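In what follows, a single structure is set out as C-alpha cells and then discussed.
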Amino acid sequence: MGGLAAAIRLAADGHSVEVFEKNERVGGKLNLLERDGYRWDTGPSLITMPFVYRELFAAAGRKLEDFVELAPVDPVCRYVWPDGTRFDASDSVGRMTEALENLSPRDVRAYFRFMAYSRRLYDLTAEPFLFNGINHWRDFFRLNPLTAFKIDPFRTVHQAVKSYFRDPRLVQLFDRYATYNGSSPYQAPATLNIIPYVELGMGGWYVKGGLYALAQAYLTLAGELGVNVNCGPGFAVEEILVRQGRAVGLRLANGREVAADRVIANSDVAYTGKELLPARGKWSGKIGKLEPSCSGFVLFLGVKRQYSQLAHHNIFFSPDYAAEFDHIFKLRQPSFDPTIYVCWTGLSDPDHAPPGKSNLFVLVNAPYLSTDQSEAFDWERPGATQAYRDLVVNHLENFGLSNLSQNIEVEEIMTPVDLAMRYNADRGAIYGVSSNNRFSAFLRPPNRSRQFKNLYYVGGSTHPGGGVPLVTLSAKIVVGLIKQDEQKGH
Ligand SMILES: Cc1cc2nc3c(=O)[nH]c(=O)nc-3n(C[C@H](O)[C@H](O)[C@H](O)COP(=O)(O)OP(=O)(O)OC[C@H]3O[C@@H](n4cnc5c(N)ncnc54)[C@H](O)[C@@H]3O)c2cc1C
C-alpha cells in the first residue's frame with residue numbers, strides 16, 4: 001500500500017513510475033482469500049483516519065468516494081471478558097456513555113478526561129511524527145522542548161491508562177490499543193495513547209466489499225495515471241543496483257535489469273538491507289537488531305452457521321493481559337490463554353459467505369520469529385500449528401461460539417512463518433519495528449537511505465510506522481523528500 005501510494009503521488013507529479021511486486025496480486029499484507037463461496041480479507045480489517053486516503057486521491061485530482069465506499073462501523077468493537085461481560089465501544093458519545101454507565105459508572109468521567117488527553121497527544125504529535133516523519137536526529141530538536149515532555153514519553157501506555165480508569169476491564173480495553181502497532185502496553189511509551197482518539201474520536205471504518213477494495217482502488221488509480229505495475233514471481237527484486245554509492249536500478253528474478261533515477265523500496269527495511277543491498281557501514285548490522293513488532297496467528301474459518309452474538313469486530317479478552325504480553329515479547333512463545341480477535345465481514349457484506357453461513361477471520365497476537373533457537377517457537381514442528389489452532393477454537397467455544405469446531409467446513413491458517421515468507425516481513429512482524437521503547441520513533445529507519453543516494457523507504461517498517469493510514473502517509477513523506485532532493489539538484 002505504501003509503494004502504490006508513492007507511485008500514485010509521483011505519477012500525479014509527472015514522473016514515469018514502474019512497480020514490481022513478487023506476489024500474484026498487489027496489496028501486500030492487505031490481501032484477499034477466496035475459497036468455496038467464502039471470502040476473507042487476510043490482513044487489515046479496520047481502517048482509521050479516512051482523510052489520509054481522501055488526500056491521496058485528491059493529490060491525483062480524484063475523489064476517493066468515486067473508487068470505494070467507506071462505511072462507519074458501530075459498534076466499533078464488541079469486547080467480551082471471560083466472566084461473560086460484554087461491552088460495545090462506539091464513536092457515538094451517547095452510546096459510549098450509556099455503555100460505560102452500564103459497565104462502570106464511576107469511570108464515565110474518567111473516559112472523557114482520558115479522551116481529552118488522547119486528543120491532546122494527537123494534536124501534539126500528528127504534525128511532527130505522523131505527517132512529517134523523523135528522518136534525522138536533528139528533527140527531534142525541531143520539537144519544542146516542552147512538547148517533548150507533554151507527549152508523555154516517560155510512562156508506559158499501561159501506567160497512563162491505569163491512572164485514569166479504576167475498572168480493570170477498561171484498563172485492559174484501553175491497553176489493547178498498543179497492539180494496533182504491534183507493541184506491548186507494558187513497554188510502549190504512553191504517547192501511543194493517541195490511538196483511542198484516532199479510533200473513537202475520529203471513527204473506525206470498513207470498506208464496503210471488503211478492505212481489499214482499497215488496494216484495488218490504489219491499483220486502479222495508479223493505472224489511470226500511467227504507472228506500470230508488474231506482479232508475479234518473475235518480478236521479485238533480487239538486487240537493488242548500486243553504482244558509486246547511488247541506487248541506479250533493480251535486478252529482477254526474471255533476469256531483467258531495470259535502470260532508474262530513483263528507487264523506493266516498499267519491502268521491509270531490515271529485509272531490504274540484508275537481502276537486496278550490498279553491506280555498507282554500521283547500519284546494516286544495527287538494523288537487524290531493532291525489535292520487530294509482534295506477529296500474528298490467523299485462522300480463516302468458513303462456518304456452516306452464524307453466531308448472533310457476534311458484531312463485525314469482536315475481542316475476546318484473556319484473563320491475564322500482563323502474562324499474555326510476557327509470553328509474546330519476553331518468552332517469545334505464543335500465549336496459551338490469548339486474547340482473540342474475530343472479524344465477521346459477512347455481517348456488513350452478506351455475500352462474503354454462502355447464505356446462513358459465516359466467514360470468520362480470527363487473529364491472535366503471536367511472537368515475532370526468533371533467530372535464537374533456544375527461545376524460538378517452531379511453528380513448523382509437526383503438530384504445533386494444529387495444536388495451537390485447536391486451542392484457539394476451543395477458547396472461542398468457551399466464549400459461547402458453541403460447536404464451532406463441528407461447524408467449520410472451510411479453513412486456512414496463516415502463521416508468522418507464512419507472513420515472513422509471503423511478504424518478506426522481517427521475522428514475520430506485522431507492523432515493522434515495535435514501539436516497545438520510548439525512543440522507538442527516533443530509532444525507526446528513516447525514509448531516505450543514509451547509505452545510498454537516490455534510495456528511499458516507504459511502508460510499515462519506516463516512518464511513521466505500521467497500519468494502512470500510516471504507510472499511506474509514509475508515501476507522502478517520501479515524495480516530499482524526493483522533491484527536496486530534486487530541488488537541490490541531487
Ligand atoms: C493479520 C494482519 C492484520 C492487520 N490489521 C490491520 C488493521 O486492522 N488496520 C491497519 O491499518 N493495519 C493492519 N495491519 C497492518 C497493515 O496491513 C500493514 O501495516 C500495511 O498493509 C503494510 O503496508 P506496506 O506498504 O508496509 O507493505 P507490505 O504490506 O509489507 O507489502 C510489501 C510488499 O512488498 C512485496 N515484496 C517484498 N519483497 C519483495 C521483493 N524482493 N520483490 C518484489 N516485491 C517484494 C511483498 O510481497 C509485499 O506485497 C494488519 C496486518 C496483518 C498481517
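What follows draws every value from the coordinates through simple rules; no lab data is involved. Note that the structure is a prediction, hence the values are computed from the model and not measured. Glycine gets a Cβ as well: all are built from the backbone with ideal geometry, and neighbour counts include every protein chain shown.
Listed values, structure above:
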item	result
Spin-label model distance (nm) - PHE51 vs PHE149, 7 Å beyond Cα toward Cβ	2.9 nm
At R0 = 25 Å, FRET efficiency that the Cβ-Cβ distance of ASP261 and LEU443 yields, to 0.05	0.25
Mean Cβ count within 10 Å, highest first, over the residues of peptides 447-460, 74-87	447-460, 74-87
For VAL161, net neighbour charge (Lys/Arg +1, Asp/Glu -1) across residues whose Cβ lies under 10 Å away	+2
Added length on full extension, which subtracts the Cα-Cα distance from 0.36 nm per residue, ALA58 to ASN228	59.1 nm
Qualifying lysines (Cα of each under 25 Å from Cα of LYS150; at least 8 residues distant if same chain)	LYS162
Computed FRET value (nearest 0.05) for ASP66 with ASP36, which takes r as the C-beta separation and R₀ as 35 Å	0.60
Backbone N within the stretch 156-178 under 16 Å of label point (7 Å from ARG113 Cα along the Cβ vector)	159-168, 170-171
Estimated FRET transfer efficiency when R0 is 41 angstrom, pair ARG86-ASP351 (beta carbons, to 0.05)	0.90
³J(HN,Hα) computed for each position of the stretch 160-171 - Karplus, 6.51 cos²θ - 1.76 cosθ + 1.60, integer Hz, glycine/proline x	5, 4, 5, 6, 9, 9, 9, 6, x, 5, 6, 4
Candidates per GluC sites (Glu not before Pro) in the stretch 318-426, loop by DSSP, up to 11 other Cβ within 10 Å	GLU380
Solvent-free Debye scattering, log10 I(q)/I(0), computed from the Cα coordinates of the chain at q = 0.12 Å⁻¹	-1.12
Loop-resident sites, the stretch 33-96, for GluC sites (Glu not before Pro), counting at most 13 other Cβ within 10 Å (DSSP)	GLU69
Charge context of GLY459, other residues only, Cβ under 12 angstrom, K/R +1, D/E -1	0
Eligible aspartates and glutamates near LYS476 by straight Cα distance, threshold 16 Å, same-chain separation 8 or greater	ASP13, GLU55, GLU127, ASP485, GLU486
J(HN,Hα) series, the stretch 120-129, from Karplus relation 6.51 cos²θ - 1.76 cosθ + 1.60, nearest Hz, glycine and proline x	4, 4, 4, 4, 7, 9, 4, 5, x, 9
Counting all C-alpha pairs of the stretch 1-107, share separated by more than 22 Å (%)	56 percent
Using θ = phi - 60° and Karplus 6.51 cos²θ - 1.76 cosθ + 1.60, couplings along the stretch 400-408 (whole Hz; Gly, Pro as x)	x, 7, 5, 6, 4, 4, 5, 9, 7
Helix-only CD estimate at 222 nm, as mean residue ellipticity for the chain, using -39500 (n - 2.57) per DSSP H run (n ≥ 4)	-9000 deg cm²/dmol
